[in-house]
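The block underneath contains the structure these notes are about, expressed in C-alpha cells.
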Amino acid sequence: MKVVLKDLVKDFKSADTVAVNRINLEIDQGELAVLLGPSGCGKTTTLRMIAGLEQPDSGRIYIAERDITDLAPKDRRVAMVFQNFSMYPTMNVYDNIAFPLHAIKMDRKEIDRTVREVARLVNIDQLLERGLRQVSGGEAQRVALARAMVRRPEVFLMDEPLSNLDAKLRVQLRTEIKRLHQDTGATFIFVTHDQEEAMTLGDKIIVMNRGDIQQVGTPHEVFFTPRNAFVANFVGTPSMNMLPGSLRIEESGRIFVGLPDFELELPRRFAAGLRGMSSHHVIWGIRPEAIRLVSAPGGNCVPGLVELVEALGSRDLMFVRVHGQLFGVIVDALDSVPAGEACLLHFDGAHMHLFDAESELSLLLDEKTKGA
Ligand code: ATP
C-alpha cells in the first residue's frame, strides 16, 4: 500500500531541534524504502508516527489514500519490528508468533496454519517448539519478524532490526528481509543509520538530517548525484574527499576550481550550469574511488606522498598527502603504493562534485543527472 506523509511535524519541545520538520514523502505500494541518517535526525520518530505510536503535532499520514492520522495503531494494518524487540521469554517460539492471532481471537486451526506458514518463510519452522532462551540472536530476530508478519500487514515498519546482530548475521538477515519483501509484496519502511545497509537493501533511500529530508533517490542517485554536501559526505564509505575552493572560469570556457594548495580543471560541459560564477566560493568533492594512481604526468595530475595504507580486502585505502591536504584514495590492492613513498594522482573532472559554499546545494546536479 502506498504511504504518504504530508507536512508532518513532531516537536518534542525539550530538544533544541524539531524532531521531524514538516516532511513530505511518498512511498509506493510494494517499495522497500530506507530512512537513513545520523543518530537523532528523526528517523524513529517518523516511523513511530506512521505506526501510530506517536501523534504528529501537525500534518497527515495516508495509507492507500486513506487518512490514518487519527486511527489507533491496531487499525492501521502496519506491523513494526524494533531493534530491541520485546517477546515473551517464558513462551516458546510457536506461542510468541501465535500471540497476536490469539489477541484477535482467530480460530485455532487457522492460527496453526498461519504460524507454520510464516515460520517457513523466515526459516524457523524447525524451531517452533523451542523456548526463547534456546534460540540464537539471529533466530530470535526471525521470530520477531514472523510475529510481525502473522497479521499480514500491508506495511512493515522496521527500526534498526539488525543492529544487535554480529556482522555476518546482519548480512544474512538483510538478504532474507529483501527476499521477504519480494515474497510478500508488502511495502517496507526500514530505518538505519548504516549507509551500507541502506544501499544494499533499499529501492528508495530517504536521507534525513535534523528532522528534514535531504534527498530521496535510488542508492545510485544518492551516491552519484548527491543533492547537497550533507548527502555527499554521509553516503559512501570511506567518505568523499571535500575541500573549500573557489571557481575560476576563463573566457574560453575552461573551468578551474582553486583548492587551498592547487588547482584542478572541470569538464567544459559543466560550463552552462556555472555561468557567471567565476570567483564563487564552493565546496569541492571527489570520492576516494574516483582518484586514480597514474605513472605519467598530465592534466589534473598531482604528486603526493602516501602516509598510511589500510587494507580493505581486494582493495586498499591509501591516505595521500597532496600539498597540505590529505586525500583518501581507493586502489586495487595489487596497485597500492606503500606508506612513505611518492605517487602521482589523477583527479577525474567528470567525477568531481561542487556545492555552493553557503547553501551547500549541488551546483552540478542538472549536468550530472543529464550525463548519468
Ligand atoms: P537514532 O538513530 O539515534 O534512533 P533517530 O534518527 O531515530 O535517532 P529520533 O529518535 O527520531 O532520531 O529523535 C529525533 C529527535 O527527537 C532527537 O533529538 C531526540 O532526542 C528527540 N526525541 C525523540 N523522542 C523523544 C521524546 N520522547 N521526548 C523528547 N525528545 C525526543
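Where a number appears in this text, it was derived from the coordinates with a stated rule and is not lab data. What you see is a predicted model, and the numbers here were worked out from it, not measured in a lab. In this analysis, Cβ positions are derived from the backbone assuming ideal geometry, glycine residues included, and neighbour counts consider all displayed protein chains.
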### Query
What residues have an amide H closer than 5 Å to that of Met80, excluding those fewer than 5 places away on the same chain, when H is modeled at 1.01 Å from N in the peptide plane?
Leu157
## Note on the structure
Here D for the chain, in µm²/s, from Stokes-Einstein with a Kirkwood Rh over Cα pairs at 10 °C and 1.306 mPa s, works out to 68 µm²/s
### Query
Between Thr90 and Asn123, what FRET efficiency follows from the Cβ-Cβ distance if R0 is 22 Å, with the result rounded to 0.05?
0.40
### Query
Per the helix-only calculation at 222 nm, which mean residue ellipticity applies to the chain, given -39500 (n - 2.57) for every DSSP H run of n ≥ 4 and division by its residues, nearest 500 deg cm²/dmol?
-7000 deg cm²/dmol
### Task
Report, for the chain, the % of DSSP beta bridges that are antiparallel, rounded to 5.
80 percent
### Task
Classify segment 2-69 as rounded, prolate or oblate from the Cα gyration tensor: take a ≥ b ≥ c as the square roots of its eigenvalues, call it rounded if a/c is under 1.5, otherwise prolate when a/b beats b/c and oblate if not.
oblate
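Report the extension gain between Asp356 and Glu307 in nm, rounded to one decimal, defined as 0.36 nm multiplied by the number of residues separating them, less their alpha carbon distance.
14.6 nm
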### Query
Counting other C-beta atoms within 10 Å, which of Arg133, Arg116, Arg147 has the fewest, and how do the rest follow?
Arg133, Arg116, Arg147
### Summary
In nanometres, the difference between 0.36 nm per residue of separation and the alpha-carbon distance of Val9 and Ser239 is 79.7 nm
### Task
Tabulate in residue order the Karplus-calculated ³J(HN,Hα) for segment 135-141, using 6.51 cos²θ - 1.76 cosθ + 1.60 with θ = phi - 60°, rounded to whole Hz; enter x for Gly and Pro.
10, 6, x, x, 5, 4, 5
## Note on the structure
Extension length gain for Ile104 and Arg152 (0.36 nm per residue less Cα distance), in nm, is 16.0 nm
### Message
Cut-off 10 angstrom, C-alpha nodes, Gaussian network model of the chain. Which of Ser246, Ser314, Ser362 fluctuates the most?
### Response
Ser314
